[in-house]
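Encoded as structure tokens, the structure appears first; notes follow it.
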């Protein structure tokens, strides 16, 4: 997989006049259309998968389309936008896509892992970053030092953030499992956990969310069941002044 580190390495190689190494993308100039052309310049005879190949390849990423999508969703919902750039922005180039999204008005970025979030920090991104996937408590110090917000699904994860913060204010988001069964506290237990996390000294509960994985599918039965589960736990978990509630889903952008 081509990572943000690959992009940074190639930028450094170009500055130093060195040839890109294997499995590196050299990011070219911005085209008149607003796209960026990313050309793979691997050593002759080898492709990205390690198989022998002599075919040069490139990917043209339309950053104007990324910006359009951010503005479109913001206007459509009237809410803030969190741009999810996990997995190297789904192969599109995490750093440049994140920059385009933030410049277009995205208030947050989201990644899968602490390492992905720290890569964006090293690239100069200063927007709030949420780590969506479960993280090891041992990663909490690096996450807190890098200004990342961790998603948690149990009290131990929240306590690890408090310990890593060493008396400084810290924030977590809670993921609630409404049926996807990948990460988060089960929705029936969510009200109690949310209350206990919110009571931890020095910790701010910044958000609570669930993942609607099938919201764009024709069969809406599972999505609607998740929605009913969300309504039940939120009704029991939302005291006055409670943090924002959000949802995530994986789907294709409109453009």
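The values are calculated or read from the model by the stated rules, or taken from the named source; none is laboratory data. Everything quoted here is computed from the prediction, not taken from an experiment. In this analysis, Cβ positions are derived from the backbone assuming ideal geometry, glycine residues included, and neighbour counts consider all displayed protein chains.
Here is a yes/no grid of residues against (1) assigned by TED's automatic domain parsing to the domain that holds residue 117; (2) within 18 Å of residue 119 (Cβ to Cβ); (3) modelled with pLDDT under 95:
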| position | (1), (2), (3) |
| --- | --- |
| 27 | no, yes, yes |
| 33 | no, no, yes |
| 46 | no, no, yes |
| 52 | no, no, yes |
| 57 | no, no, yes |
| 80 | yes, no, yes |
| 98 | yes, yes, no |
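For segment 168-193, taking the residues that are more than 22 Å from the chain's Cα centre (by Cα) and surrounded by 19 or more Cβ atoms within 10 Å (Cβ to Cβ), the one that is modelled with the highest pLDDT is identified as 193.
Read through the list (1) under 20 Å from residue 113 (Cβ atoms); (2) touching a strand residue (DSSP E or B) at 6+ places or on another chain (Cβ under 9 Å), then give the number of the only condition that residue 141 fails. Residue 141 satisfies all of (1) under 20 Å from residue 113 (Cβ atoms); (2) touching a strand residue (DSSP E or B) at 6+ places or on another chain (Cβ under 9 Å) except (2).
Condition test on residue 125, is it surrounded by 15 or more Cβ atoms within 10 Å (Cβ to Cβ) and under 12 Å from the mean Cα position of the chain (by Cα)?
Numbers: surrounded by 15 or more Cβ atoms within 10 Å (Cβ to Cβ): yes; under 12 Å from the mean Cα position of the chain (by Cα): no.
Against the criterion (surrounded by 15 or more Cβ atoms within 10 Å (Cβ to Cβ) and under 12 Å from the mean Cα position of the chain (by Cα)), residue 125 does not qualify.
Taken together, 76, 63 contain a single residue that is at pLDDT 90 or above, crowded, with 17+ Cβ neighbours inside 10 Å and within 26 Å of the chain's Cα centre (by Cα), which is 63.
Could you tell me whether segment 152-165 includes any residue that is modelled with pLDDT of 90 or more and within 22 Å of residue 81 (Cα to Cα)? Give the steps one after another, and end with the answer.
Narrowing segment 152-165 to residues modelled with pLDDT of 90 or more: 152-165.
Now restrict to residues that are within 22 Å of residue 81 (Cα to Cα): 152.
Looking for residues that are modelled with pLDDT of 90 or more and within 22 Å of residue 81 (Cα to Cα), one finds at least one in segment 152-165, hence yes.
Residue-level check: of (1) under 19 Å from residue 207 (Cβ atoms); (2) at pLDDT 95 or above, residue 133 misses just (2). What about residue 215, is it buried (at least 17 other Cβ atoms within 10 Å of the Cβ), modelled with pLDDT under 90, under 22 Å from the mean Cα position of the chain (by Cα) and assigned by TED's automatic domain parsing to the domain that holds residue 133? Considered against the rule, which asks whether it is buried (at least 17 other Cβ atoms within 10 Å of the Cβ), modelled with pLDDT under 90, under 22 Å from the mean Cα position of the chain (by Cα) and assigned by TED's automatic domain parsing to the domain that holds residue 133, residue 215 comes out as yes.
Which one of 98, 106 is surrounded by 18 or more Cβ atoms within 10 Å (Cβ to Cβ), farther than 23 Å from residue 142 by Cα and either touching a helix residue (DSSP H, G or I) at 6+ places or on another chain (Cβ under 7 Å) or in contact (Cβ under 8 Å) with a residue 60 or more places away in the chain (or both)? Selected residue: 106, the only one of 98, 106 that is surrounded by 18 or more Cβ atoms within 10 Å (Cβ to Cβ), farther than 23 Å from residue 142 by Cα and either touching a helix residue (DSSP H, G or I) at 6+ places or on another chain (Cβ under 7 Å) or in contact (Cβ under 8 Å) with a residue 60 or more places away in the chain (or both). Exactly one residue out of 155, 200, 120 is crowded, with 20+ Cβ neighbours inside 10 Å and either in contact (Cβ under 8 Å) with a residue 24 or more places away in the chain or under 19 Å from the mean Cα position of the chain (by Cα) (or both), and it is 120.
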